[in-house]
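Here's the structure we're looking at; comments come further down.
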Amino acid sequence: MVEVVTMREIQRIFEVTDRLGLHREQVVIPLGARHPGRVRRRPDGKIEIVVESEGSFEDWVAALEAELRRIVP
């Protein structure tokens, strides 16, 4: 369960986004986790990644790459 997104979680997310070739300046990660978490392209073109607040962070981040591939060309 995650309430506040720390550098540890951000680093794990960046491992995924880096692997996909996404520039870190194009990624927005709010510091508050929410349920449900989400991945979306914002109107300004940036990708917003909201961490899921319920369940295991490791399970959520393991599924993140597939979510990103749905919205990243």
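Nothing in this text is a laboratory measurement; each read-out follows from the coordinates by a stated rule. Just so it is clear, the model here is predicted, and its values are computed rather than measured. Note that each Cβ is placed from the backbone with ideal geometry, even for glycine, and that neighbours are counted across all protein chains shown.
Would you check if residue 54 is loosely packed, with under 12 Cβ neighbours inside 10 Å, in contact (Cβ under 8 Å) with a residue 24 or more places away in the chain and among the acidic types (Asp, Glu)? In short, no. Criterion applied to 15, 3, 65, 52 was being on the phi < 0 side of the Ramachandran plot and over 12 Å from the mean Cα position of the chain (by Cα), and the one residue passing it is 3.
For the range 3-50, residues that are farther than 13 Å from residue 65 by Cα, aliphatic (A, V, I, L, M) and not in a strand (DSSP E or B) total 6.
When restricted to residues that are under 17 Å from residue 4 (Cα atoms), touching a strand residue (DSSP E or B) at 6+ places or on another chain (Cβ under 8 Å) and not in a loop (DSSP other than H, G, I, E, B), the range 51-73 contains 2.
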